[in-house]
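The values are calculated or read from the model by the stated rules, or taken from the named source; none is laboratory data. Remember, predicted model here, so these are calculated numbers, not experimental data. So basically every Cβ, Gly included, is an ideal-geometry build from the backbone, and we count neighbours across all protein chains shown. Areas reflect the complete protein model, heavy atoms only, side chains present, ligands, DNA and RNA absent. Shrake-Rupley method; radii C 1.70, N 1.55, O 1.52, S 1.80 Å.
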Amino acid sequence: MSKSVKKALTDQEIQAGYSRYQQEIQSLAEKVGELESDAEEHELVLQTLKEANEKDPSRPCFRMIGGVLVERTVKDILPALQTNRDGIQKVLQTLVEQYKKREEEFSTYKREYGIVPMPQRA
């Protein structure tokens with residue numbers, strides 16, 4: 001946007017934009033936290049299954065698929081779980097990049113409109 005277009009925004013529009021950026025950043029941060037937790041859980045389960053796979057690959061193992069508990073063997077579930085973990089990590093990486101980009105845009109927005117947040121009172 002050109003400066004003349006940016007200066008034409010009302011105080012309410014500027015506030016709305018500020019709030020929108022805050023909400024988007026908070027939403028991305030929450031999603032990143034959820035995915036980090038999921039990735040950690042997958043990693044713990046993978047470590048356990050790798051140990052079980054070394055001792056007895058045909059050992060029964062249960063997995064929740066679409067709300068249904070299914071019985072498979074450790075050797076069958078291990079690759080699928082690794083694929084899921086890898087997918088979570090890719091999505092997590094993408095979300096972190098989006099978060100950083102949105103934060104940079106927010107900083108630019110605050111600078112352009114001279115926004116200085118008030119300190120929080122205790």
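Return one number: the angle in degrees, 0 to 90 and rounded to the nearest 10, between the long axis of the Cα atoms of helix 11-55 and the longest principal axis of the Cα atoms of the chain.
The two axes meet at around 10 degrees.
On alpha carbon coordinates alone, what is the Rg over Rh value for the chain, Rh being the Kirkwood radius?
Radius of gyration over Kirkwood radius for the chain works out to 1.26.
Each residue of region 105-121 in turn: what ³J(HN,Hα) in whole Hz from Karplus with 6.51, -1.76, 1.60 and θ = phi - 60°, glycine and Pro shown as x?
Rounded to whole hertz, the list is 4, 5, 4, 5, 4, 5, 5, 4, 9, x, 7, 10, x, 6, x, 6, 8.
Quick check: from the Cα gyration tensor, does region 80-122 come out rounded (a/c under 1.5), prolate or oblate?
Oblate.
What is the spin-label model distance, in nm, from residue 75 to residue 18 if the labels are put 7 Å beyond Cα along the C-beta direction?
6.3
When the accessible area of region 14-76 is split by element with a 1.4 Å probe, what percent falls to carbon and sulfur?
Roughly 49 percent, rounded to a whole number.
Suppose every K and R has +1 on its Cβ and every D and E has -1 on its Cβ; what is the size of the dipole of the chain about the Cα centre, in Debye to the nearest 20?
Approximately 460 debye in magnitude.
Keeping all protein chains in place, calculate the accessible area per residue for region 12-113 (probe 1.4 angstrom), answer in Å².
Roughly 69 Å² per residue, with all protein chains present.
Of 50/90; 50/75; 31/100; 31/90, which pairs sit farther than 19 Å apart, going by alpha carbon to alpha carbon?
50/90
Going Cα to Cα from residue 55, which aspartates and glutamates come in below 16 Å? Please leave out same-chain ones fewer than 8 positions away.
76
Less than 14 Å Cβ to Cβ from residue 44, Lys/Arg counted +1 and Asp/Glu -1: what total charge do the surrounding residues give?
Residues near residue 44 contribute -4 overall.
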